[in-house]
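The values are calculated or read from the model by the stated rules, or taken from the named source; none is laboratory data. This one's a predicted model, so the numbers in the text were calculated from it and none came from an experiment. Every residue, glycine as well, gets a Cβ built from its backbone with ideal geometry; the counts of neighbours run over all protein chains shown.
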Amino acid sequence: MKLTEDKLPELPGYRKVPVVTSPENEKYLNEKMNSTITKEDIRARLIGAWRLTSWTVKDDNGNEINYFGDNPHGILIYSEQGYMSAHIAKAERKKHISNGLYDSHPEEIAASFNSYFGYYGRFYLENENTIVHEVEDAQFPNWKGDLQRRFFKMEGADLEVTTPPVETEGKTIVHYVKWKKAGS
């Protein structure tokens, strides 16, 4: 991964900022910069619902894991009005003993928290391969008010979203989340 600023397109109303990019994203960006696709075209293709197909994480040693197991479920929605919502769950989530939302045991609550991920807010395109999610609220409360940058590429009905490198537990990881347009 490297930091680049010189390859970012000028977009009215957006400031030019450095972006961490991978060779794959740089190739994709170069291809798109040499095409006639506009920001509006890209945004129009993003609008709608996307179904999760995989969520993997790679660390700086090349190790890869399925972050929420082999068959996580999820949906990512981008609206015409500029809102987004993302929800991902492990395939095998245990039901709580009680049906009362506030009657669960602490262990059940922890298991639920660790097997589900969600947040929502507004979104905008920062450039032709970077989308920014302005988090209004999230399951993880520390994200409230954050700007979450995501690199993306679309091919047909497929959308791949990656995070910038994240420092956690003494290593650097990158999330690779793949989606398919709902109904395709």
Mind listing just one residue for me: the one in segment 150-177 that is surrounded by fewer than 16 Cβ atoms within 10 Å (Cβ to Cβ) and of a type in the set (D, E, K, R) and, of those, modelled with the lowest pLDDT?
-> GLU169
Of the residues in segment 164-184, those that are within 17 Å of TRP50 (Cα to Cα) and assigned to a loop (DSSP other than H, G, I, E, B) number 3
Any idea which of (1) touching a Lys or Arg at 6+ places or on another chain (Cβ under 9 Å); (2) touching a residue at least 40 places away in the same chain (Cβ under 8 Å); (3) among the aliphatic types (A, V, I, L, M) is the one ALA86 doesn't satisfy?
-> (1)
Somewhere in segment 6-17, is a residue outside any loop (DSSP other than H, G, I, E, B), in contact with a strand residue (DSSP E or B) (Cβ under 6 Å, 6 or more places away or on another chain), modelled with pLDDT under 90 and not basic (Lys, Arg)?
-> no
Residues that are more than 16 Å from the chain's Cα centre (by Cα) and touching a residue at least 40 places away in the same chain (Cβ under 8 Å), drawn from segment 46-83 = ASP59, ASP60, ASN61
Could you tell me which numbered condition PRO141 fails, if it satisfies all but one of (1) within 28 Å of GLU40 (Cβ to Cβ); (2) out of contact with any His (no Cβ under 8 Å at 6 or more places or on another chain)?
-> (1)
Restricting segment 127-138 to residues that are at pLDDT below 95 and touching a strand residue (DSSP E or B) at 6+ places or on another chain (Cβ under 9 Å), the one surrounded by the most Cβ atoms within 10 Å (Cβ to Cβ) turns out to be ASN129
Note on segment 162-184: residues among the aliphatic types (A, V, I, L, M) and within 10 Å of the chain's Cα centre (by Cα) are VAL177
